[in-house]
Amino acid sequence: MTKERVFLMLAPALAFAAPVIAAFLDLSIPIFSGPALRFVGGVAAAGLGIGLILALVYRSGFVWSLIFTAVAASAFLILLDIAANASTWLHEYGSPVLTYVAFVMAMLPVAWAIWPLRNTLPTIMFMSAAAFLLSTVVIPVASGRPSPTTEIGSAEYPAPVLYFVLDEMIGPEGIDRSIPGGEEAYAALRDLFESHGFRLYGKVFSRFFKTADSIPASLAFEWTGNRVPNLTDPHRLFDKFVEDGHRVTVYQTEHLDFCSEQVDRCEVLPSFNPVSRYINHPGIMSAGIYEVMRQRFEGSAIIEGYVGYLKRTSSYVVPKNFDAHAFPSWMQKIGDDIVSGSVTSAVFGHILFPHAPFVSDANCRQNLRRESPYYLFEMRKLSGASRERARAAYYKDYFAQVQCMISRLGRFLERVKSAPGLEEAILVFHGDHGSRISAGKYTENVSDKDMVDNYSTLYAIKGPGIAPGYDLRKVSSQRLTAEYFSGKSTRELGREDMTVVIDSKAAAKTVLRQMPDF
């Protein structure tokens, strides 16, 4: 076999594997785990198959040259789809047939561009593919953070602040009390916070329905406009804590990292996350790997089809525990730390509860469920009465998990109430968005009721000078955090924003939509 044929056989495999390896490195997923090797190996094998065809048709003669150029053009378009998500627009708005037609049409100009280079193409392809692959191995994407562990010493602190975000906790007035369990959850939620002297807001909404947008917006005191925040935005809430003389402790799961430079102590709570930046799970689940890769390469028709094939032909290992299973132990640990005085005077916690899956009944007895309740129309294609039945069934289980949360928060608050030095503490519990047991996320698909499911959220606060009671003011959680913690008056903050940021298929971006009354 000639050198040119060897180059042709190897080049597509190297090129196709490069962006996939880069994704694993960027996500800190161990590349030598079984599922990761299978995923990369499958992509590389597809490239090797195309390379073998290229090597076989690399012959002299006009017809052979035409065939060779067409196959080379196909390989280039496949690489473009994998590396640059070239099918994004077709994936979002088109059909599979349209994708295939577009692929064939795109081959013509690519083949025309390749034709003059056909004799030197083997060397060009191999050298380019090798350089592409080498760049993903030699220059891996680094996280830019040290290991999130910090020892702290003892010191005198100002009045403590305990600030917790409860993931997927809908607000009191957002609870559908017509569903079994809804009335009881509503009453228990009000009783919990009102009996402990909180000011509980009934009509709060988050301006975002994704955790990775909602919490950074609160931390940055961003409560207006159409800008989508991210985790790299300044944590102005933490800045304010430090300015007031606090040192900051953060409790978080492995999913999102809030341990910015202002944080003195960072506690990463045990949780299930196949893309942890902190823990290399030796037995990462195939299902987790495949889903992460599908999301990472969203818009790639090739990867989408490959993941579908893997899901159909692979056996999954179901994890023993999700984040929701760990909630009771999390609250116990956080309570132990706070009562013992082993944390700093400002505590921020992101708690993935009552987040799905709904693994707890009202008494916190647990199961191993893993079903997703989200986006019943967009993901499950349910409509009409069937969607309403599914919504009611999921909400019934959600309300049971909320009751479990309420009971454990009650224990936590009793411990804090009796702890020395916490008499003047400011306590905050709020959600990051709603339950998301709705039709979907796109503005074209959701009703006002779906908006409430997605955006209504909890906000309860207690502290010196804050009048207890039940407040029916309609306001965003991000605005309330800015009002209470930014140091600015409501006049300085300006007009309130009653819109939410929502995805739009038609606009292919986020748009603003008025939050309905609820």
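The values are calculated or read from the model by the stated rules, or taken from the named source; none is laboratory data. Keep in mind the model is a prediction, meaning the values are calculated, not measured. We place every Cβ from the backbone using ideal geometry, glycine too, and count neighbours over all the protein chains shown.
The set of residues from the range 402-439 being among the small types (Gly, Ala, Ser) and surrounded by 20 or more Cβ atoms within 10 Å (Cβ to Cβ) comprises 431, 434, 435, 438, 439. Being assigned to a loop (DSSP other than H, G, I, E, B) and in contact with a strand residue (DSSP E or B) (Cβ under 6 Å, 6 or more places away or on another chain) is true of residue 434. Of the residues that make up the range 148-165, is at least one surrounded by fewer than 14 Cβ atoms within 10 Å (Cβ to Cβ), under 26 Å from the mean Cα position of the chain (by Cα) and either at pLDDT 95 or above or not hydrophobic (A, V, I, L, M, F, W, C) (or both)? The answer is yes; a qualifying residue exists. A count restricted to the range 197-256 and to residues that are farther than 20 Å from residue 502 by Cα and polar (S, T, N, Q) stands at 4. Checking each residue in the range 223-246 for being surrounded by 15 or more Cβ atoms within 10 Å (Cβ to Cβ) and of a type in the set (Val, Ile, Thr) picks out 224, 228, 242. The one condition from (1) under 34 Å from the mean Cα position of the chain (by Cα); (2) touching a residue at least 40 places away in the same chain (Cβ under 8 Å); (3) closer than 19 Å to residue 132 by Cα that residue 80 does not meet is (2). In the range 312-331, the qualifying residues are those that are touching a Lys or Arg at 6+ places or on another chain (Cβ under 9 Å) and modelled with pLDDT under 80, and the one that is nearest to residue 367 (Cα to Cα) is 322. Checking each residue in the range 210-244 for being polar (S, T, N, Q) and in contact with a strand residue (DSSP E or B) (Cβ under 7 Å, 6 or more places away or on another chain) picks out only 226. Consider the range 57-77 and keep the residues that are over 44 Å from the mean Cα position of the chain (by Cα) and touching a residue at least 24 places away in the same chain (Cβ under 8 Å). The one that is farthest from residue 20 (Cα to Cα) is 65.
Would you say residue 469 is more than 21 Å from residue 436 (Cα to Cα), in the same structural domain as residue 201 (by TED's automatic domain parsing) and modelled with pLDDT under 95? Even if it seems obvious, please write down each step before you answer.
On the way: more than 21 Å from residue 436 (Cα to Cα): yes; in the same structural domain as residue 201 (by TED's automatic domain parsing): yes; modelled with pLDDT under 95: no.
For residue 469, the condition - more than 21 Å from residue 436 (Cα to Cα), in the same structural domain as residue 201 (by TED's automatic domain parsing) and modelled with pLDDT under 95 - is not met.
Look at residue 456 and say whether it is among the polar types (S, T, N, Q) and over 27 Å from residue 346 (Cα atoms). Lay out the reasoning, then the answer.
Numbers: among the polar types (S, T, N, Q): yes; over 27 Å from residue 346 (Cα atoms): no.
The answer is no for residue 456.
Of all residues in the range 190-208, one or more are assigned to a helix (DSSP H, G or I) and crowded, with 24+ Cβ neighbours inside 10 Å.
Matching residues to (1) more than 25 Å from residue 445 (Cβ to Cβ); (2) in a loop (DSSP other than H, G, I, E, B):
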{"residue": "339", "(1), (2)": "yes, no"}
{"residue": "342", "(1), (2)": "yes, yes"}
{"residue": "347", "(1), (2)": "yes, no"}
{"residue": "353", "(1), (2)": "yes, yes"}
{"residue": "357", "(1), (2)": "no, yes"}
{"residue": "364", "(1), (2)": "yes, yes"}
{"residue": "373", "(1), (2)": "no, yes"}
{"residue": "378", "(1), (2)": "no, yes"}
{"residue": "381", "(1), (2)": "no, yes"}
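Can you tell me which of 248, 263 is in the same structural domain as residue 352 (by TED's automatic domain parsing), out of contact with any Asp or Glu (no Cβ under 6 Å at 6 or more places or on another chain), among the hydrophobic types (A, V, I, L, M, F, W, C) and modelled with pLDDT of 70 or more? Answer to the selection: 263. Here is the figure for the range 11-55: residues that are aromatic (Phe, Trp, Tyr) and either surrounded by fewer than 20 Cβ atoms within 10 Å (Cβ to Cβ) or modelled with pLDDT of 90 or more (or both) total 2.
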